1. If amide H atoms are built 1.01 Å from N in the plane of the peptide, which residues on other chains or at least 5 residues away come under 5 Å of the amide H of A92?
2. Between rounded, prolate and oblate, where does the chain land on the alpha carbon gyration tensor, with a ≥ b ≥ c its root eigenvalues, rounded for a/c under 1.5, else prolate if a/b exceeds b/c?
3. If amide H atoms are built 1.01 Å from N in the plane of the peptide, which residues on other chains or at least 5 residues away come under 5 Å of the amide H of V259?
4. Net charge around S133, counting only other residues with Cβ within less than 11 Å of its Cβ (Lys, Arg = +1; Asp, Glu = -1)?
5. Quick one: order I48, I234 from most to least accessible surface, probe 1.4 Å.
6. Counting only the heavy atoms of the protein chains, how much of S14 is accessible to a 1.4 Å probe, in Å² to the nearest 10?
7. Residue by residue through the stretch 229-241, what is 3J(HN,Hα) from phi via Karplus (6.51 cos²θ - 1.76 cosθ + 1.60, θ = phi - 60°)? Round to whole Hz and write x for glycine and proline.
8. Suppose the chain between A119 and A2 were pulled fully straight at 0.36 nm per residue; how much longer would it get relative to their current alpha carbon spacing?
Amino acid sequence: MADPRRLKVAVQKSGRLTDPSLELMVRCGLRFSRARDNLVCYGENMPIDLLLVRDDDIPQLVADGDCDAGIVGGNVAREFALAHDSEPFRTARTLDFGSCRLCLATPVDSGLDTPASLAGKRVATSYPRLTESFLRGIGIDAEVVLLGGAVEIAPRLGKADAICDLVSTGQTLRANHLKEIFTVDESRACLITSPHPLPDTASTLLERILMRVDGVLAVNGSKYIMLHAPRAKIAEITRLLPGVEAPTVLPLDGCTDRVAIHAVCTESVFWETLEALKGAGASAMLVLPVEKMLA
Ligand code: PRT
Ligand code: ZN
């Protein structure tokens, strides 16, 4: 019998989300060992177990309360949710990996260039509810053909006139002489949590993990920047620092007209940013990665 005090988190066993999901948990401070059957990772320093399952099973496991949380593609979560009247789980966090888009695509020379041109046509997809709900929403009556995989070859096999499939680089579409005509849904991995009440200890632990996930997400987009600048240019330099409102300004020993400015930039710091800062009189610039952050 599973220990109710241990938090159970469902993670994709083998696929695109596996490594980034496990890495996220490690960055949240979890140390784990893998069971020999490769079905569970046991948390060694926290009462958290990671259940390794197929991504399609994650929404159901969380909705039923068999797992307290799960990491799954937003596309899989929304497809599942469309089959339910009420929210089957809570989308607690949208993460910064697994990005892709669910797109309508048609054969390059088909003359089918807009969603409206799909009226009366067949659209093959592994995401029938998202596809149907989109087409219905814009008043297009098309037949949705459910395929478990290899959706991109459906038009060539004569099984469909168009497809609605996940795209990231677009290479697969190009290789199959298909063109994107519309983005139906933008997706990133999500951390979903169970709608069922948790025992106090598990609930506190889940809140702690969510706070650490926030810290990891904040750090991923952040850099710590240090520079020297003319005292008269503090306001101008601050405006050039990406995502900074109030930097720390420190005196420089034996120097009255220049100061040190330290700040956490919450947006990317490009070479162009540094060049603009230099143009405004900054020198001795250092850009450092941020390892941990807690609001
Ligand atoms: O075995 P299991 O059922 O667990 O895994 P799976 O094969 O169903 O899923 P997997 O590992 O392929 O994808 C897991 C999740 O990753 C998806 O649900 C998405 O949320 C996300 N993701 C991000 C993607 C892609 N990018 C992606 N490019 N999922 C699939 N693809 C496929 C797409 O279906 C198409 O076949 O990659 C191909 C297109 O890629 P490009 O780069 O050529 O455009
Ligand atoms: Zn799957």
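1. L191, I192, T193
2. Note, shape of the chain comes out oblate.
3. A229, R231
4. Overall, the nearby charge balance is 0.
5. Ranking I48, I234 by accessible area, largest first, yields I234, I48.
6. 100 Å²
7. 8, x, 3, 6, 10, 4, 5, 5, 4, 4, 4, 7, 7
8. Value of the extension gain: 37.1 nm.
The values are calculated or read from the model by the stated rules, or taken from the named source; none is laboratory data. Here the structure is a predicted model, which is why all the values come from computation and not from measurement. Cβ sites come from the backbone with ideal geometry, for glycine too, and all protein chains shown count toward neighbours. When the accessible area is computed, the model is the full protein with side chains, heavy atoms only, and any ligands, DNA or RNA have been set aside. Shrake-Rupley method; radii C 1.70, N 1.55, O 1.52, S 1.80 Å.
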